[in-house]
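Taking it in order: structure first as structure tokens, then the write-up.
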Amino acid sequence: MMQPDDIEVVRLTHPSGYYIEVCNYGASWLSAYMPDRDGQLGEILLGYNDIEAMLADPNYAGRTVGRFANRIRQGKFTLDGRTYQLELNDGNNSNHSGPSGLSFRKFDIVRRDQLSVTFHYLSSDGEGGFPANVDIYVTYGLTKEDCQVVIDYSATTDAPTVLNLTNHAYFNLNGYGDIYSHQLRVSSTQMLETDSEFLPTGKVLDVAGSPFDFSQPKPIGRDIDWNMQQFAWNRGYNHCYMWNREKPSNLIQAELSSEVTGRRLSLYSTYSALQIYSGGFLSSKYPTRFGRIAQPADGIALEAQFAPDTPNLPAFPQCTLNPEEKYWQRIIYRFQTFE
């Protein structure tokens, strides 16, 4: 278990003034101070004021998640004829790779400058039940031209394995209260149906015209109280939207905005899926920077990734990584203001 003295925090500051903070524990994104419509900087990530509180966080706030982000049914998958058993930490299933996941690992800082930092971790064969030794790099960068945070994930392996990396930041563009009034747009109406264990059934739903349709901007809280089993199971939104593509290329997946502060976040990624989690299970031992113990809907997670349970769903884009290949995925968070 990492101790506070093992943790190194890095601040990346743009010449215009906005900044983010990241650290080597879980290659985590701790903080983001972004301008509002009046040019005032404010915190927009759910986070904590001290390291002890961050270490005790149960929500994966800002953490790099892997080796496999999201859930794998019964913690099992088969690769090249061999079945692997992962750690179970979500009932009968594995979620975010269990207690041996990357979220709880100490990364090394291998490169840094004013606008970027790269973390490295060697995940050993058998760690958490996953096969192969995997060299993993996570780079956070600020673009020179405008207000963008870019996260690059790259990795190589010495044997076939699966890999699905993302960041689990929770956004609140007001910096306080809940996110129900935030406007959300998602550029897909294809969503995975899930069961009571939050796992996909394998069925892709066309949600156009339903409470899950965000093809036009709407408040997150507008339809969240519908009397539907999907909302009851998930305490709101905790669903995966899909894009039909195999090859990585930057694609806008979602836009989040606040009329209160005039902040807008546009999320682009190379991934084929986006998990939208409205924070229905948020809680914490310590107060967050938003001034209270974490409450449901204090932030929304927009997790670009491969689909949940991908290794057991061969019809979906796969996350298999072989020795002759290089894993590379990118998530871009573009911040703007509007009147």
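Looking only at residues of region 9-31 that are β-branched (Val, Ile, Thr) and closer than 20 Å to Ile136 by Cα, we find that the one that is surrounded by the fewest Cβ atoms within 10 Å (Cβ to Cβ) is Val9.
Residue check: Asp125 meets all listed conditions (1) at pLDDT below 95; (2) more than 22 Å from Ser269 (Cα to Cα); (3) acidic (Asp, Glu) but one, namely (1).
Listed here are the residues, each with its yes/no results for (1) among the aromatic types (Phe, Trp, Tyr); (2) within 16 Å of Leu46 (Cβ to Cβ); (3) in contact with a strand residue (DSSP E or B) (Cβ under 6 Å, 6 or more places away or on another chain); (4) surrounded by fewer than 15 Cβ atoms within 10 Å (Cβ to Cβ).
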{"site": "Ser266", "(1), (2), (3), (4)": "no, no, yes, no"}
{"site": "Glu303", "(1), (2), (3), (4)": "no, yes, yes, no"}
{"site": "Thr310", "(1), (2), (3), (4)": "no, no, no, no"}
{"site": "Ala315", "(1), (2), (3), (4)": "no, no, no, yes"}
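If you go through region 41-71 and keep only what is under 14 Å from Leu302 (Cβ atoms), in contact with a helix residue (DSSP H, G or I) (Cβ under 7 Å, 6 or more places away or on another chain) and not in a strand (DSSP E or B), you end up with just Tyr60. Taking the listed residues Asp38, Asp5, the one that is part of a helix (DSSP H, G or I) and either of a type in the set (Asp, Glu) or surrounded by fewer than 18 Cβ atoms within 10 Å (Cβ to Cβ) (or both) is Asp5, with no other qualifying. In region 58-94, the qualifying residues are those that are over 17 Å from Asp125 (Cα atoms) and of a type in the set (Gly, Ala, Ser), and the one that is surrounded by the fewest Cβ atoms within 10 Å (Cβ to Cβ) is Gly81.
Residues considered: Asp50, Asp38. Of these, the only one that is among the acidic types (Asp, Glu) and modelled with pLDDT under 95 is Asp50. Put simply, of Thr161, Thr194 the only residue that is of a type outside the set (D, E, K, R), modelled with pLDDT under 95 and crowded, with 17+ Cβ neighbours inside 10 Å is Thr194. Taking first residues from region 247-276 that are at positive phi and partners that are acidic (Asp, Glu) and in a loop (DSSP other than H, G, I, E, B), the Cβ contacts under 7 Å between residues at least 6 apart in sequence or on separate chains come to Gly262/Asp36; Gly262/Glu339. Of all residues in region 200-224, those satisfying the criterion of being among the hydroxyl-bearing types (Ser, Thr, Tyr) and either surrounded by 17 or more Cβ atoms within 10 Å (Cβ to Cβ) or not in a strand (DSSP E or B) (or both) are Ser210, Ser215.
The values are calculated or read from the model by the stated rules, or taken from the named source; none is laboratory data. Keep in mind that this is a model prediction, so the values were computed, not measured. Heads up, the Cβs are rebuilt from the backbone with ideal geometry, glycines too, and the neighbour counts pull from every protein chain shown.
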